[in-house]
Amino acid sequence: MENQDSSKRISIIALIIAIIALLINLWMLYGYWNWLKLQKAAEPVQQEQVVEPVAQEPAQAEPVAEEVEEPQPQVPADQPLKKKVSGAAYVDLGLPSGIKWRSANEPDLMTYDDAVAEFGKKLPTHKQYTELLEKCQWKELKSGGYKVVGPNGNSIIFPVSGFINCTGELRGTDNIGDYWTATTNGTDEAYRMVFTDKQGPKLVLHQRCYARAIRLIEK
């Protein structure tokens, strides 16, 4: 009888121990589960990687080929430059001096000093222009300028020519005839023969640095 009671007590104790062990296991399992939750919550949330759009560089324009100016041939120092030639003839107007006047201007406007250096005695003097003004008829043209008729009926034309001032500006090409004489007063001025659309031809002093038309003579 006592043995049966002992066996029962042992069974009960074993059962209690088993229940306690089960409870301990459940408690440990519960604790482990909570620990996992805490660990998961503590982990940093990985943000979704956003791919930034790559800025597109503007397309580069195709390189434009630059026009390269061909080098001009160099003229040797001992070879003079060829000047423009008008190709005009000399006209006998029947003047008392016997001087013939060229029928057209030289191609370029020139300063006084350049004109004297280039043409010398072929550049008319103040006296020779005075003869032309006094002995010829000056008929104004509707197109601008004058037709100059000599004593013998022959004629030449003095067109409007304009001038280039000392700063390089071209002026008066449509209403001024401006021609150098070879005569200077010994200063920075020289005589010119000039006319406008409002005033007839006359001889006046002016600055030699101006570039003016050139009309040549031949004796």
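The values are calculated or read from the model by the stated rules, or taken from the named source; none is laboratory data. All of these numbers come straight from a predicted model, not from anything done at the bench. Glycine also receives a Cβ, built like all others from the backbone with ideal geometry; neighbour counts cover every protein chain displayed.
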- Message: With the requirement that a residue be surrounded by 14 or more Cβ atoms within 10 Å (Cβ to Cβ) and assigned to a loop (DSSP other than H, G, I, E, B), what does region 140-158 give you?
- Response: Gly144, Gly145, Gly150, Asn154
- Please give the strands (runs of 3 or more DSSP E) falling wholly within region 165-219 in which 2 or more residues are in contact with a Leu (Cβ under 7 Å, 6 or more places away or on another chain). 176-184, 189-196
- Message: I'd like to check something: does region 155-166 contain any residue that is closer than 19 Å to His206 by Cα, of a type outside the set (Lys, Arg), in contact with a Ser or Thr (Cβ under 9 Å, 6 or more places away or on another chain) and modelled with pLDDT under 95?
- Response: yes
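Condition check ((1) of a type outside the set (Asp, Glu); (2) in contact (Cβ under 8 Å) with a residue 24 or more places away in the chain; (3) touching a Leu at 6+ places or on another chain (Cβ under 8 Å)) across all residues:
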{"residue": "Gly98", "(1), (2), (3)": "yes, yes, no"}
{"residue": "Arg102", "(1), (2), (3)": "yes, yes, yes"}
{"residue": "Glu106", "(1), (2), (3)": "no, yes, yes"}
{"residue": "Thr111", "(1), (2), (3)": "yes, yes, no"}
{"residue": "Ala115", "(1), (2), (3)": "yes, yes, yes"}
{"residue": "Lys121", "(1), (2), (3)": "yes, yes, no"}
{"residue": "Gln128", "(1), (2), (3)": "yes, yes, no"}
{"residue": "Glu131", "(1), (2), (3)": "no, yes, yes"}
{"residue": "Trp138", "(1), (2), (3)": "yes, yes, no"}
- Item | Test set (1) loosely packed, with under 12 Cβ neighbours inside 10 Å; (2) hydroxyl-bearing (Ser, Thr, Tyr); (3) out of contact with any Lys or Arg (no Cβ under 9 Å at 6 or more places or on another chain) - Thr196 fails condition number | (1)
- So Glu106 clears everything in (1) surrounded by fewer than 19 Cβ atoms within 10 Å (Cβ to Cβ); (2) under 32 Å from the mean Cα position of the chain (by Cα) except one condition, right? Which one? (1)
- Query: Mind checking which pairs have a first residue in region 160-186 that is on the phi > 0 side of the Ramachandran plot and a second that is not in a loop (DSSP other than H, G, I, E, B), Cβ under 7 Å, 6 or more apart or different chains?
  - Reply: Gly162/Leu170; Gly162/Arg171; Gly162/Ile176; Gly162/Asp178; Gly172/Phe163; Gly172/Asp178
